[in-house]
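The values are calculated or read from the model by the stated rules, or taken from the named source; none is laboratory data. Remember, predicted model here, so these are calculated numbers, not experimental data. Please note: Cβ atoms are built from the backbone with ideal geometry, for glycine as well, and neighbour counts cover all protein chains shown.
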Amino acid sequence: MVSQGRTQVGIIGAGPAGLLLARLLKLHGVESVILEQRDRAYVEGRVRAGVLEQGTASLLEEAGVADRLKREGLVHDGIEIVVRDRSFRIDFRDLTDKTVVVYGQTEVTKDLIAARLGGDGPIVWNAANVTIHDIDSARPRLTYRCDGQEHELTCDFIAGCDGFHGVSRQSIPANALRHFERVYPFGWLGILADVPPCSHELIYAKHARGFALASMRSPTRSRYYIQCSLYEDLDEWPDALVWEELKRRLGSEAAARMTTGPAIEKSIAPLRSFVAAPMRHGRLFLAGDAAHIVPPTGAKGLNLAASDVYYLCRALTAFYGDKRTDLLDRYSETALARVWKAERFSWWMTTMLHKLHDETSFEAQMQLAELDYLASSRAAQTALAENYVGLPY
Ligand code: RFL
Ligand code: PHB
């Protein structure tokens with residue numbers, strides 16, 4: 001027996017993109033069902049992004065899920081850049097009159113799940129074998145298995161919010177999709193520790209041994225990253241070695257202020273730039289990491305998921321409210337225009353700050369010249385600041 005269901009928008013994935021889309025749609029009177037392959041604890045525990053653009057924070061406020069964000073989020077006016085132990089600051093507020101908020105993706109996810117489960121509509125956890133059917137028709141369907149039963153959900157539209165490894169993008173015929181990709185020959189080793197941050201702002205460091213980043217989640221919880229090889233074995237990185245490397249790369253001032261402690265999470269993430277275009281096929285719309293990936297250096301991934309969802313929600317509500325299809329037809333073009341700019345910024349930050357070449361090479365000198373220019377030019381600093389705080393929607 002297959003259990004049959006019906007909804008307006010079938011959403012695959014309960015990450016930030018799927019959850020925020022469902023919430024915004026609900027506020028506009030559009031019903032959805034979210035299918036998530038993992039369980040709630042796993043989704044809420046996944047440590048990832050930490051920096052929200054002002055536009056993302058405003059969207060969360062519009063969605064009515066920003067009470068805790070406003071109480072606990074740390075507003076940052078700038079970042080520090082350290083190059084070979086010399087540091088300079090990019091002052092976002094002065095250069096752009098905007099700021100960013102440091103608030104963990106885990107917390108955004110928890111707030112959105114709580115809102116959803118407070119009466120917005122269902123999240124089907126542990127939905128296995130989610131399969132997309134008939135996206136070229138006006139009645140696309142999703143089938144999946146859950147609690148030992150087969151289910152079928154008929155929808156008006158399907159939102160593929162299932163991240164880079166999801167099924168949505170793969171359900172689009174190969175000849176209808178173009179891929180653009182750059183895989184970087186290094187990764188980030190990240191640690192989370194319950195120690196106070198070494199600085200009140202984020203520190204991005206370029207060092208001869210590789211990139212390092214000092215970030216945070218709260219006044220008592222720090223998040224740090226170091227550039228590492230892709231073939232690194234986590235067992236070869238005991239906490240003491242990570243702290244030692246961080247102190248070396250982040251410079252003497254940060255090292256002097258750094259409190260060390262046991263890592264409560266430690267992982268290695270590869271770095272990738274990726275765009276799939278178009279972000280729509282028939283009645284299937286891709287949003288977030290399902291359509292694009294940025295290296296984390298620009299702190300853009302979660303923020304791009306939010307802007308995609310903003311455009312997609314606007315297009316779907318125009319369809320349901322005014323029978324307009326023009327915004328749905330333009331969704332991919334509109335979203336991609338912003339995606340490509342964030343791709344460029346993330347690629348630029350990544351290539352400027354990481355160890356890519358031999359220190360004696362021409363390219364290494366170009367990186368240093370770029371950073372020297374950035375340190376001294378208000379125009380260059382404004383360009384960085386404008387992108388970091390988020391380009392307009
Ligand atoms: P997600 O978060 O991957 O969620 C996708 C969801 O879909 C589910 N799923 C499926 N469900 C059903 N059926 C299937 N077949 C499915 N396949 C997958 C998954 O279980 C999951 O729950 O994608 P979404 O919603 O598009 O959100 C994207 C963001 O998570 C991502 O871009 C950011 O985390 C990237 N990122 C950062 N972004 C920022 O804006 N600022 C940052 O400071 C920042 N730092 C980071 C980051 C990502 C990192 N890693 C680990 C890649 C730092 C790191 C280290
Ligand atoms: C984080 O806090 O996880 C973080 C912050 C800034 C980045 C990337 C990750 O650029």
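Whether a residue is in contact (Cβ under 8 Å) with a residue 40 or more places away in the chain, within 18 Å of GLY301 (Cβ to Cβ), in contact with a Pro (Cβ under 8 Å, 6 or more places away or on another chain) and within 16 Å of ligand 2 (Cβ to nearest atom) was assessed, and ALA57 does not pass this test.
Pairing each residue of the stretch 370-393 that is in contact (Cβ under 8 Å) with a residue 24 or more places away in the chain and over 15 Å from PHE92 (Cβ atoms) with any residue that is polar (S, T, N, Q) and part of a helix (DSSP H, G or I), provided the two are 6+ apart or on different chains, yields C-beta distances under 8 Å for TYR393/SER307. The set of residues in the stretch 94-109 that are away from ligand 1 (no atom under 14 Å from the Cβ) and in contact with a Gly (Cβ under 7 Å, 6 or more places away or on another chain) is empty. From the list GLU370, GLU363, the lone residue that is more than 19 Å from LEU59 (Cβ to Cβ), modelled with pLDDT under 95, assigned to a helix (DSSP H, G or I) and more than 16 Å from ligand 2 (Cβ to nearest atom) is GLU363. Considering only residues that are more than 20 Å from the chain's Cα centre (by Cα) and among the hydroxyl-bearing types (Ser, Thr, Tyr), which ones fall in the stretch 63-111? Result: SER87, THR96.
Taking the stretch 190-244 as the region of interest, the strands (runs of 3 or more DSSP E) fully inside it that hold 1 or more residues being β-branched (Val, Ile, Thr) are 202-206, 221-228. Out of the residues in the stretch 144-172 that are surrounded by fewer than 16 Cβ atoms within 10 Å (Cβ to Cβ) and more than 26 Å from the chain's Cα centre (by Cα), which is nearest to THR350 (Cα to Cα)? Step by step, filter the stretch 144-172, then rank; the result is ARG145. Could you check the stretch 373-393 and list, in sequence order, the residues that are of a type outside the set (Ser, Thr, Tyr) and not in a loop (DSSP other than H, G, I, E, B)? Correct list: LEU374, ALA375, ARG378, ALA379, ALA380, GLN381, ALA383, LEU384, ALA385, GLU386, ASN387, VAL389. Scoring LEU304 on the criteria (1) within 14 Å of ligand 1 (Cβ to nearest atom); (2) touching a residue at least 40 places away in the same chain (Cβ under 8 Å) leaves a single failure, condition (2). Counting only residues that are under 15 Å from the mean Cα position of the chain (by Cα) and either among the charged types (D, E, K, R) or in a helix (DSSP H, G or I) (or both), the stretch 46-58 holds 7 of them.
Within the stretch 59-80, restricting attention to residues that are within 16 Å of ligand 1 (Cβ to nearest atom) and in a helix (DSSP H, G or I), the residue that is nearest to ALA212 (Cα to Cα) is LEU69. Close Cβ contacts (under 6 Å, 6 or more residues apart or on different chains) running from residues in the stretch 225-242 that are at pLDDT 95 or above to residues that are small (Gly, Ala, Ser) comprise TYR225/GLY190; ILE226/ALA212; GLN227/GLY210; CYS228/GLY187; ASP239/ALA263. Note on the stretch 81-111: residues that are β-branched (Val, Ile, Thr), in a strand (DSSP E or B) and within 16 Å of ligand 2 (Cβ to nearest atom) total 6. Within the stretch 1-42, take every residue that is over 17 Å from ALA114 (Cα atoms) and of a type in the set (Gly, Ala, Ser) and give me the one that is nearest to ligand 1 (Cβ to nearest atom). Among residues in the stretch 1-42 that are over 17 Å from ALA114 (Cα atoms) and of a type in the set (Gly, Ala, Ser), the one nearest to ligand 1 (Cβ to nearest atom) is GLY10. Restricting ALA276, ALA318 to residues that are away from ligand 1 (no atom under 11 Å from the Cβ), in a strand (DSSP E or B) and out of contact with any Phe, Trp or Tyr (no Cβ under 6 Å at 6 or more places or on another chain) narrows the list to ALA276. For the stretch 24-45, filtered to residues that are over 13 Å from GLY163 (Cα atoms) and within 18 Å of the chain's Cα centre (by Cα), the residue that is farthest from ligand 2 (Cβ to nearest atom) is TYR42. A count restricted to the stretch 55-86 and to residues that are out of contact with any Leu (no Cβ under 8 Å at 6 or more places or on another chain) and at pLDDT 95 or above stands at 11. Scanning the stretch 289-309 for residues that are in a helix (DSSP H, G or I) and either over 16 Å from VAL108 (Cα atoms) or within 16 Å of ligand 2 (Cβ to nearest atom) (or both) yields ASP289, ALA290, PRO296, THR297, GLY298, GLY301, LEU302, ASN303, LEU304, ALA305, ALA306, ASP308. Checking each residue in the stretch 132-149 for being in a strand (DSSP E or B) and more than 16 Å from THR7 (Cβ to Cβ) picks out ARG145, GLN149.
Just so you know, in the stretch 2-46 the residues that are surrounded by 17 or more Cβ atoms within 10 Å (Cβ to Cβ) and β-branched (Val, Ile, Thr) include one that is farthest from LEU302 (Cα to Cα), and it is THR7.
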